[in-house]
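The values are calculated or read from the model by the stated rules, or taken from the named source; none is laboratory data. Not measured: the values here are computed from a predicted model. All Cβ positions, glycine included, derive from the backbone under ideal geometry; neighbour counts span all protein chains shown. The protein model used for the area step is the full one, side chains on, heavy atoms only, and it has no ligands, DNA or RNA in it. Shrake-Rupley method; radii C 1.70, N 1.55, O 1.52, S 1.80 Å.
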Amino acid sequence: MKELFLEPALSGKLKCLFLFIAMVAVSSFAEGSPGASAFAPGLKLYVSTLGNDGWSGKLSQPNRNKTNGPFATIEKARDAIRLLKKQKKLPKGDVVVEIQGGLYELPGAIELGAEDGGSDALSRIVYLGEKGKAVRLSAGKKLSKWDLVTDEAVLSKFNSNARGKVYQSDLSAIGINDFGSPGGGGIELFFNDKPMWVSRYPNKGFVKITGLLNEVPVDVRGTKGDKTGKFIYEDQRINEWENEKDAWVDGYWFWDWAEQRHKISKIDTEKKIIEVVPPYHGYGYRLGQWFYGFNLLSEIDEPGEYYVDRERGVLYFYPPSDVTAGHAFVSINKNILNVREASFLTIQGLILEGSRETVVKMEACQDALLVGCTIRNSGDEGVTVHGGHRNGVVGCDIYNVGAGGIKIDAGDRKTLMPGECFADNNYIHEIARIKRVYFAGISLNGVGNRASHNLISQLPHFAIYFNGNDHVMEYNEISDVCYESNDAGAVYAGRNWTMRGNVIRYNYLHDISGFEQKGCVGVYLDDAFSGVDIIGNVFEKVTRAMMIGGGRDNNVLNNIFIDCVPSLHVDARGLGWMHEHPEEWIEEEKEKGTISGTAYNKPPYSTRYPKLINMINDEPKAPKGNVISNNICEGGAWDKNVGFWRTSIEDKARPYITMTDNVVAPNSAVKDSLSKGFVVANPLFANQKSPRDGKFQLDAGSPALKRGFQQVPYDKIGLYQHDNRASWPVLKK
């Protein structure tokens, strides 16, 4: 899409109106997602747990004589379609493979390639779960035999309240010998559709580093620590881990946004020192940072905890309910579905679970859709879409996966050719169980992709991460994210001058405050990220709601800030502590004529983003060109240095900002009521007591409307009802 730049002569009111009109015109791909609820099958095949791969697959149930009926496996249905294609006997229309309700334990990942797609939009290949039935594709193995632990040597390690309640299952006896590492990617236990957790201490929360040895001191702008993986603890309980065979710790060792798992090398119980196995954490270790211990047999002390003795091949489990009556299984296979170079393919209405790694991988596909699926209980990412064109994840529920929800990487940054891939109408929650940071609910990479109408909540770190150009993030509801980290963003991008054209519009971000209520960011443009339009969003109870970290040419327009402390942050870090990075980019430009490897002053960049052309000669380290106009602030703070962050708009940055026609309520803290760029006045929400209940609409007499503010389309934000949705959750908004 073309960059939207504003002429200085335009008034704030006209600038806002111009942007809204222009934004409607860009990116036609962002208007809606293709549906997949109705098909016109030229051929229908069936797969069933009662099936047989020697049958025709054309009947939904076995016939009376058990001589014909559905297939037993998806692979057989796939191969039957391949054969029909080879014989040129495939009928016109969609080919639908209906998978009947039931549990399918897969021997390995289902592989679909170029030969397994359709020919066009009217002749798709569809793998469809039976309507109204639970169709479960599992990469795991069911555990049926459980024995109460009676071995005194094992029982003696348990807390008294766990003795007589812990069961064991012999994994080796049923052929499971590959357990993987506790550090990630290894075997996991699931019970009654939920992930159980590796035994840990404390059961919830963390313990703190209380001292360092300072063997290799580190000082990052006054923040001091030790590069060596040895640290002091006070909690006496940790002494009990001394004789554990395979003890691990997981923590935020130096920064509040960088986490890592370590195997414990040694515990000195007299000096209370934990030493971990290298490689040590890249940033080091710091006093007061938090961690917990896990993979500890002695810490099985509450229902839901388990431990795998990798030497003996035995799993110990303290079940939350009768283990013999429940459904327990362990993860075995790496993936469930690998799709490569397929076109016009739809996967719909399935439950996909139990993989150790990414559940669904789509690579170099075109017009491939994952629709209305439930993706859960896995050890890594939910869905990855790499390369290709117009691929989408639509109407899915993604939860309890080990890392990120949906990762899209499509489009060409060299040519700015868009990928036009999308994540639409998905409910993503309680993910990143293992990889806690930098694995977002949705990750957009490359060029020209979209995240829209998603509900994202209860994540330890980012909701949306974006990297690249011309992405659109719109109509999403985001809440309760970044709950285990600080100095993090619900929507985040960082450190690039050339990744422009991104749009964040009409999203509702609320109840986001960081770990220990220390604060995090709503939209975080970190380390000079530039050229983003932030338009028509609602931020409610978000600490440091909108942050421009030294970047340029960002437009913050027509947003609503409710009880945010502060609403705005703009700094000039490129002129101060972060000067090294822009200086590296400037030096690269002198030597190679590029910035971060991008030919910024040649087409297509010079034509798509004209402000880049002369940037290198226009105070490049300064936060120039940022526009903050036609926003509303109610409660909290507008630009005053309050709260944990202590900074809002840096004095060094103020001269570079264009700020006009903002309306700040009298109950909002401001640095100086006489400052330019805003008026102190009641914005007059239609529902004064609860703007949320009034859908954040303004009264017709609002001073903000008179200055050009446009009503936010709140009714369109979040999930929308559709037959394709996996479920219809209760919304928070």
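Can you bin the stretch 415-489 into rounded, prolate or oblate? Criterion: square roots of the alpha carbon gyration tensor eigenvalues sorted a ≥ b ≥ c, rounded for a/c under 1.5, prolate for a/b above b/c, oblate for the rest.
prolate
Once phi is turned into ³J(HN,Hα) by the Karplus curve 6.51 cos²θ - 1.76 cosθ + 1.60 with θ = phi - 60°, what whole-Hz value does each residue of the stretch 504-519 show in order, with x for glycine and proline?
So the Karplus estimates, Gly and Pro as x, are 10, 9, 6, 10, 10, 10, 8, 6, 10, 9, x, 6, 6, 6, 7, x Hz.
When a/c reaches 1.5 or more, the comparison of a/b and b/c decides; with that in mind, is the chain rounded, prolate or oblate per its Cα gyration tensor?
oblate
Would you mind counting up the charge near GLU381? Only other residues with Cβ under 13 Å from its Cβ, with Lys and Arg at +1 and Asp and Glu at -1.
Summing Lys/Arg as +1 and Asp/Glu as -1 gives +4.
I'd like to compare 341-350, 115-124: which one has the highest average count of other Cβ atoms within 10 Å, and what's the full order after that?
Highest-to-lowest ranking by the protection proxy: 341-350, 115-124.
Which trypsin sites (Lys or Arg not before Pro) in the stretch 251-327 pass both tests, a DSSP loop state and at most 15 other beta-carbon atoms within 10 Å?
Of the trypsin sites (Lys or Arg not before Pro), the ones in loops of the stretch 251-327 whose Cβ has at most 15 other Cβ atoms within 10 Å are LYS271, ARG312.
Quick one: which residues, 5 or more positions from GLU341 or on another chain, have an amide H under 5 Å from its amide H? H modelled 1.01 Å from N in the peptide plane, none for Pro or chain starts.
GLU363, ALA364, CYS365
Scan around TRP248 for amide H atoms under 5 Å from its own, H built in the peptide plane at 1.01 Å from N, and keep only partners 5 or more places away or cross-chain.
Amide H neighbours of TRP248: ILE264, PHE294.
For a protection proxy built on the mean count of beta-carbon atoms within 10 angstrom, sort 325-335, 579-589, 442-452 highest first, please.
The densest-packed peptide leads the list: 442-452, 325-335, 579-589.
Kindly provide the helix-only [θ] at 222 nm of the chain, computed as the sum of -39,500 (n - 2.57) over DSSP H runs of four or more divided by all residues, to the nearest 500 deg cm²/dmol?
So the calculated ellipticity at 222 nm is -2000 deg cm²/dmol.
Along the Cα→Cβ direction, 7 angstrom out, place labels at GLU580 and SER144. What is the inter-label distance in nm?
Computed distance between label sites GLU580 and SER144 equals 6.0 nm.
Which chymotrypsin sites (Phe, Trp or Tyr not before Pro) from the stretch 359-460 combine a DSSP loop assignment with at most 13 other Cβ atoms within 10 Å?
For chymotrypsin sites (Phe, Trp or Tyr not before Pro) across the stretch 359-460 that sit outside H, G, I, E and B with at most 13 neighbouring Cβ atoms in 10 Å, the list is empty.
Express in Å², to the nearest 10, the accessible area of GLU516 obtained by rolling a 1.4 Å probe over the protein heavy atoms while all chains stay in place.
Estimated to the nearest 10 Å², GLU516 gives 90 Å².
Which residue, chosen from TRP255, TYR399, GLY636, occupies the Cα position most advanced towards the positive end of the dipole of the chain, where the dipole is computed from +1 (Lys, Arg) and -1 (Asp, Glu) charges on Cβ about the Cα centre?
TYR399
I need the peptides 630-636, 137-143 ranked by packing, meaning the mean over residues of other C-beta atoms within 10 angstrom, with the highest value on top.
630-636, 137-143
Is the shape of the stretch 243-347 best called rounded, prolate or oblate, per the rule: a/c under 1.5 gives rounded, else a/b larger than b/c gives prolate, else oblate, with a ≥ b ≥ c the square roots of the Cα gyration tensor eigenvalues?
Oblate shape, in that a/c is at least 1.5 and b/c is the bigger or equal ratio.
If you find the alpha carbon centre of the stretch 104-177 and of the stretch 303-356, how far apart are they in angstrom?
Cα centroid to Cα centroid, the span is 4 Å.
Using the structure shown, list the pairs from LYS204/LYS716; LYS518/LYS640; LYS58/LYS142; LYS435/LYS602; LYS414/LYS652 with a Cα-Cα distance above 28 Å, or answer none.
LYS204/LYS716; LYS58/LYS142; LYS435/LYS602; LYS414/LYS652, as the Cα separations exceed 28 Å there.
Out of all DSSP beta bridges with both ends in the chain, state the antiparallel percent to the nearest 5.
Of all bridge pairs located within the chain, approximately 25 percent are antiparallel.
Run through the stretch 338-427 and list the trypsin sites (Lys or Arg not before Pro) located in a DSSP loop whose Cβ has at most 12 other Cβ atoms within 10 Å.
Passing sites in the stretch 338-427 are LYS414.
Could you run the Karplus curve 6.51 cos²θ - 1.76 cosθ + 1.60 with θ = phi - 60° over the stretch 615-623 and give me ³J(HN,Hα) per residue in whole Hz, x for Gly and Pro?
4, 5, 9, 10, 6, x, 7, 8, x
Non-local amide H neighbours of ARG725 (under 5 Å, H modeled in plane, Pro and chain starts lacking H): which ones?
So ARG725 has HN proximity to no qualifying residue.
Percent relative contact order of the stretch 484-545, based on C-alpha pairs within less than 8 angstrom and at least six residues apart?
46 percent
Considering only the stretch 256-399, what is the antiparallel percent among its DSSP beta bridges, to the nearest 5?
Percent antiparallel among DSSP bridges in the stretch 256-399 is about 25.
Return the FRET efficiency for the residue pair THR269, GLU591: r is the Cβ-Cβ distance, R0 is 51 Å, and the value is rounded to the nearest 0.05.
0.40
Roll a 1.4 angstrom probe over the protein heavy atoms and tell me the percent of accessible area of the chain that is carbon or sulfur.
After summing per-atom areas, the C and S share lands at 50 percent.
Residue farthest toward the positive end of the dipole of the chain, with Cβ of Lys/Arg at +1 and Asp/Glu at -1: which of ILE657, GLY288, ILE273?
Positive-end residue among those listed: ILE657.
If I take every Cα pair under 8 Å that is 6 or more residues apart in the chain, average their sequence separation and divide by the length, what percent do I get for the relative contact order?
Relative contact order comes out at 9 percent.
Using the Karplus curve 6.51 cos²θ - 1.76 cosθ + 1.60 with θ = phi - 60°, what ³J(HN,Hα) values do you get for each residue of the stretch 690-698, in whole Hz, with x for Gly and Pro?
For the stretch 690-698, the Karplus-derived couplings read 9, x, 5, 4, x, 6, 6, 7, 9 Hz, x marking Gly and Pro.
Taking only protein heavy atoms into account and a 1.4 Å probe, give the accessible area per residue of the chain in Å².
39 Å²
Take LYS676, project a point 7 Å from its Cα along the Cβ direction, then tell me which residues of the stretch 611-644 have their backbone nitrogen under 15 Å from it.
Answer for this model: 625-629.
Give the cross-link partners of LYS227 among the lysines, using a straight C-alpha distance below 19 Å as the criterion and excluding same-chain residues fewer than 8 apart.
Partners found: LYS208, LYS263, LYS266, LYS272.
Which whole-number percentage describes the relative contact order of the stretch 236-275, with Cα contacts under 8 Å and a sequence gap of 6 or more?
Once normalised by length, the contact order is 34 percent.
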